[in-house]
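Peer 1: The structure under discussion is supplied below as structure tokens; questions concerning it will follow.
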Amino acid sequence: MRRPGTKTLVVAGLLVALILAGVISRFASSDPDGLTKVSEDHGFADTGSSHQALLGDYGSLTGIVGVLVVLAVAAGIAFAVRRRDRAREDDRQDEPQDEPQDEPQDEPQDEKA
Amino acid sequence: MHVPDGFLDAPTSVGTGVVAAVAVGIALKGARRELDDRTAPMAGLVAAFIFATQMLNFPVASGTSGHLLGGALAAVLVGPFTALLCMSTVFLVQCLLFADGGVTALGTNILLMGVITVVVGWTVFKGLQAVLPKRLSMVAPAAGIAALVSVPVAALGFVLLYALGGTADLSLDHLATAMVGVHVLIGIGEGVITALAVGSIVAVRPDLVYGARPVLEKRELVVRTRDQAPA
């Protein structure tokens with residue numbers, strides 16, 4: 001079996017995440033979680049308060065939206081802070097001068113390239 | 001283990017907020033060394049997967065459930081600094097979009113379920129990697145054990161914070177016993193899910209698993225000259 005490409009793996013993984021959030025979540029236990037249960041048993045559950053949620057409760061649809069929002073934010077952060085050693089050749093429109101070019105490639109990372 | 005508003009007093013919440021902010025700042029710096037064009041999409045995937053998996057509460061004892069925290073999983077897959085960024089993203093979205101975890105408790109939740117699980121998970125994983133045989137097949141079990149340990153430690157972290165600034169007058173001994181007890185059970189689920197998730201990526205693309213790289217580097221030449229990797 002050929003090894004899947006990075007893109008294939010990420011897309012497959014994302015599909016799994018969407019199915020977990022959109023479908024499998026219907027079968028999740030609705031019992032209180034560990035901390036909530038302990039807070040009930042020890043009489044301090046009522047000291048906690050909740051606030052208005054922008055999306056409401058977890059459901060199939062809101063879960064899928066949540067997965068996509070988390071994906072976008074986390075990938076955005078990851079691309080913003082990543083090393084640009086390879087980007088230098090392919091594209092320079094990311095204004096490489098706005099990030100400090102501290103010791104760009106003294107790490108022995110390139111053996112895989 | 002999402003802490004709502006009101007469990008901890010204001011000074012403690014401000015304190016955990018500051019600690020969490022500093023930790024995220026350090027992670028933003030450190031993640032630079034872990035992320036490149038190839039691994040950045042993995043960070044997005046890991047965060048999305050952990051968010052989805054945190055929706056899946058599994059029963060652990062009568063009337064009690066638990067879900068994956070994911071710090072150890074993320075650390076092994078994408079590295080500890082990137083892992084904290086992934087976890088913080090998850091808690092931020094849960095807090096704002098779903099009111100899962102309080103707004104004033106966001107720092108507390110990042111500290112307990114992000115910083116603690118990542119640091120404990122990664123430390124235990126590296127420790128196990130040092131003593132176990134340097135084989136690819138050891139990566140997933142080591143990740144699972146690290147994940148298991150990280151959950152009760154996070155629970156103990158909550159008890160410590162409660163000792164500092166809990167808003168109710170409780171017996172801390174009883175609180176600690178109850179918290180650690182139930183979270184050892186949740187930790188078993190955490191360990192199983194983590195081992196399965198890490199194991200499935202190690203099986204197809206071990207080069208994308210941050211924690212597998214030290215093992216992989218040792219056999220790089222063998223892998224590249226043959227189609228079949230030695231067991």
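We did not get these values from a lab; they are worked out from the coordinates using the rules stated. Keep in mind that what you see is a predicted model, and the values were worked out from it rather than measured. Reconstructed Cβ throughout: ideal geometry from the backbone, glycine too, with neighbour counts over all protein chains shown.
Peer 1: Expressed as an acute angle from 0 to 90° and rounded to the nearest 10, what is the orientation of the C-alpha long axis of helix B:80-98 relative to the principal long axis of chain B?
Peer 2: Its long axis makes an angle of about 50 degrees.
Peer 1: Now for a separate question. For region A:7-81, divide the Cα radius of gyration by the Kirkwood radius and give the resulting Rg/Rh value with two decimals. Intermediate values should be presented prior to the final figure.
Peer 2: On the way: Rg = 16.4 Å, Rh = 15.0 Å.
Taking Rg over the Kirkwood Rh, I get 1.09.
Peer 1: Residue separation times 0.36 nm, minus the C-alpha to C-alpha distance between B:A130 and B:S200: what's the value? Could you put the intermediate results ahead of the total?
Peer 2: Details: separation 70, 0.36 × 70 = 25.20 nm, distance 2.21 nm.
So the chain would gain 23.0 nm between B:A130 and B:S200.
Peer 1: For the protein assembly as shown, state what percent of all Cα-Cα pairs lands in each successive 10 Å bin, counting from 0 Å until the bin that includes the largest distance.
Peer 2: 6, 25, 35, 22, 10, 3, 0
Peer 1: A follow-up question, please. Could you check the spin-label model distance between A:S50 and B:V18? Points 7 Å from the Cα along Cα→Cβ, value in nm.
Peer 2: In this crude spin-label approximation the distance works out to 3.2 nm.
Peer 1: Which of B:D207, B:D169, B:D100 ends up with the largest GNM mean-square fluctuation for chain B, with Cα atoms connected below 10 Å?
Peer 2: The residue with the greatest mean-square fluctuation here is B:D169.
Peer 1: Rounded to the nearest 10 degrees, what's the angle between the helix B:117-131 long axis and the longest principal axis of chain B, both from Cα atoms, 0 to 90?
Peer 2: The answer is roughly 40 degrees.
Peer 1: In nm, give the distance between the simple-model label positions of B:R33 and A:R3, each being 7 Å from the Cα along the Cα-to-Cβ direction.
Peer 2: Going from the B:R33 label point to the A:R3 one covers 2.4 nm.
Peer 1: Quick one: helix B:40-54 against the long Cα principal axis of chain B, what's the angle to the nearest 10°, folded into 0 to 90?
Peer 2: Relative to chain B, helix B:40-54 is tipped by roughly 50 degrees.
Peer 1: Which of the three applies to chain B, rounded, prolate or oblate, going by the alpha-carbon gyration tensor with a ≥ b ≥ c and a/c under 1.5 meaning rounded?
Peer 2: Judged from the Cα gyration tensor, chain B comes out prolate (a/c at least 1.5, a/b above b/c).
Peer 1: I would also like to ask the following. Pick from B:A147, B:A23, B:A75 the residue whose mean-square fluctuation is largest in a GNM of chain B, springs joining Cα atoms under 10 Å.
Peer 2: B:A23
Peer 1: Run the quick spin-label model on B:A168 and A:A80: label points 7 Å from Cα toward the beta carbon, then report their separation in nm to one decimal.
Peer 2: 3.9
Peer 1: Classify region B:1-114 from the C-alpha gyration tensor, please: rounded if a/c falls under 1.5, else prolate or oblate depending on whether a/b exceeds b/c. Don't skip to the end; give the middle numbers.
Peer 2: Working: a/c = 2.24, a/b = 1.23, b/c = 1.82.
Here region B:1-114 falls in the oblate category.
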